[in-house]
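J.: I am attaching a structure below and will ask some questions about it afterwards.
The values are calculated or read from the model by the stated rules, or taken from the named source; none is laboratory data. Treat the numbers as computed from the prediction; the structure is a model and nothing was measured. Here the Cβ is made from the backbone with ideal geometry for all residues, glycine too, and neighbour counts use every protein chain on show.
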Amino acid sequence: MVKEIINDYKYTVIISQYYHDRHYVVVEFNKETFIKQMQNCTKELDMYKSNFLGNMKDIEKSDPWYSAHHEIRSRYNVNSHGDIYFLNTFFANRSQELIQKDIRDSNYGRQGYKKKKVLEDIRSNHSYKTVFEIIEKHFKIA
């Protein structure tokens, strides 16, 4: 595997998870604006996924804020109303590999019976269209 050079990231894979449901969006990485974009996108996604009842004090203790004054990392995690992952990479095909790996790793959670309430929550708080529109407000889609 090629070791990626931090200053040369070109893409970010954003994974929005809510229960067993996941959405993937690949965006362009901009070193100058990445941290602020990630913070703003995280706030808006969390508000949407919490049905606009989120606690911003809790979200601001997560990776996008905790690590904001350090060197840009290859991975950021947010654990709140569902998870949000930001995975930075240099290569476009590496973005695809990261998505495929996440799909393989999460297949177990997609199996079996799903409560009606969970499925209703996903429909109302994690539509792909809305997640994509939120991400598109903060990042340029790759």
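J.: Filtering the stretch 16-60 down to residues that are among the acidic types (Asp, Glu) and surrounded by 21 or more Cβ atoms within 10 Å (Cβ to Cβ), which residue is nearest to Lys101 (Cα to Cα)?
T.: To start, the set of residues in the stretch 16-60 that are among the acidic types (Asp, Glu) comprises 21, 28, 32, 44, 46, 58, 60.
After this cut, where a residue has to be surrounded by 21 or more Cβ atoms within 10 Å (Cβ to Cβ) as well, the list is 21, 46.
Working: Asp21: 15, Asp46: 24 Å.
Among those that are among the acidic types (Asp, Glu) and surrounded by 21 or more Cβ atoms within 10 Å (Cβ to Cβ), it is Asp21.
J.: I would also like to ask the following. Of the conditions (1) surrounded by fewer than 17 Cβ atoms within 10 Å (Cβ to Cβ); (2) of a type outside the set (Lys, Arg); (3) modelled with pLDDT of 85 or more, Ser67 fails just one. Which one is it?
T.: Ser67 satisfies all of (1) surrounded by fewer than 17 Cβ atoms within 10 Å (Cβ to Cβ); (2) of a type outside the set (Lys, Arg); (3) modelled with pLDDT of 85 or more except (3).
J.: Which strands (runs of 3 or more DSSP E) sit wholly inside the stretch 10-90 and have at least 2 residues that are hydrophobic (A, V, I, L, M, F, W, C) and within 18 Å of Tyr128 (Cα to Cα)? Break it down stepwise before answering.
T.: On the way: elements: 11-18, 21-28, 75-80, 82-89.
Strands (runs of 3 or more DSSP E) meeting the threshold: 11-18, 21-28, 82-89.
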